[in-house]
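Below is one structure, written out as structure tokens; comments come after it.
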Amino acid sequence: MKTLTLGLFLLLTLSVVTTVPAVFADEDEWDDDDEGVYEQRGSGEMTREQEREREHDDDDERLALGGGIPDAILYGTIAVIVGSVAYTGFKIYKTKRPKLTLR
Amino acid sequence: MNTKIIPIIFLILFLAPIPAFADDDDSEDAIENLGWVALGAGVIANMPFILFNKWRKYAVRAGGQSLLIARQTVQFYKPVLNFHIILNSIGYFAGMTHGLLLVNDLNSISLSLAITMTVLMISGILLRYTSSRNTKVFNKLLHGQFGLVFLLIALIVLHVLTGDD
């Protein structure tokens, strides 16, 4: 029991330690890359390229967040989870409620 | 004997996803391979536990010789349960790390998957570590809901298939 708890705690710590720096490192790397390319190619070309990339990203974002089917999946998931929690609660409530007997 | 086997199993499990990353030349294959590795790990983590529990329940109900065998296999329940908890915890934290690293590409399917995984993980943790009887009963019923399990499998398959978009 103690070993398992310790193992889970170590796992959690390890995941936090590996995740947090990597998330920040990713952003720095992205910024550095942009600056490097910017210096190499000159500002005019880079601006056009960045604009194209941004437009492409915006299209992706619209597809990801505003689309009909993906949103339906998200709402469906939330509905299933809420439904499961409610059904479980109802099941327990029904089991624990004292039965009324008619004489 | 057990103390020697467990680190070897862990090493194999930790090294298993590496082939999925190794295929850098064809990134679409790498993404799908990682997804199938995750699904395979999920099957290994859950199927033995589910089958063991179902068989034990069936044996207890059937009585006679089956009941005797079921009583003899009680000693295997704890190791199977611990294996289920540990492998699912690894899967959960690996999945969340993967999600945080690629948070820029977050879409509705990934978000749905993260929510479902978190609900199942929290119910599992509460089921294992709480001492309150009511909470235990509630989480036992919630953790074993087939609707949630099917939703999780469907979302993982969808996430794997749409991962390279």
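The values are calculated or read from the model by the stated rules, or taken from the named source; none is laboratory data. Predicted model only: the values in this text are computed from it and were never measured. Note that each Cβ is placed from the backbone with ideal geometry, even for glycine, and that neighbours are counted across all protein chains shown.
Per-structure values
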quantity: Residues of the stretch B:109-144 satisfying the condition of being closer than 24 Å to A:P70 by Cβ, of a type in the set (V, I, T) and facing another protein chain (nearest Cβ under 9 Å); calculated: B:I109, B:I115, B:T116, B:V119
quantity: Residue list for the stretch B:122-144, filter: surrounded by 20 or more Cβ atoms within 10 Å (Cβ to Cβ) and farther than 24 Å from B:P79 by Cβ; calculated: B:F138, B:L142
quantity: Selection status of B:H98, in a helix (DSSP H, G or I), within 17 Å of B:A41 (Cα to Cα), more than 14 Å from the chain's Cα centre (by Cα) and of a type outside the set (V, I, T); calculated: yes
quantity: One residue from B:V80, B:V119, B:V37 being surrounded by 13 or more Cβ atoms within 10 Å (Cβ to Cβ), modelled with pLDDT of 85 or more and under 30 Å from A:A72 (Cβ atoms); calculated: B:V119
quantity: Residue ID - nearest to the other protein chains (Cβ to nearest Cβ), chosen from residues in the stretch B:145-159 that are exposed (fewer than 15 other Cβ atoms within 10 Å of the Cβ) and closer than 21 Å to A:A86 by Cα; calculated: B:G147
quantity: Residue within the stretch B:92-108 that is without any contact (Cβ under 8 Å) to a residue 60 or more places away in the chain, closer than 17 Å to A:V80 by Cα and either at the interface with chain A (Cβ under 10 Å from one of its Cβ atoms) or among the basic types (K, R) (or both) present; calculated: yes
quantity: Verdict on B:S89 being in a helix (DSSP H, G or I) and more than 8 Å from chain A (Cβ to nearest Cβ); calculated: no
quantity: B:R56 being away from every other protein chain (no Cβ under 14 Å) and surrounded by 17 or more Cβ atoms within 10 Å (Cβ to Cβ); calculated: yes
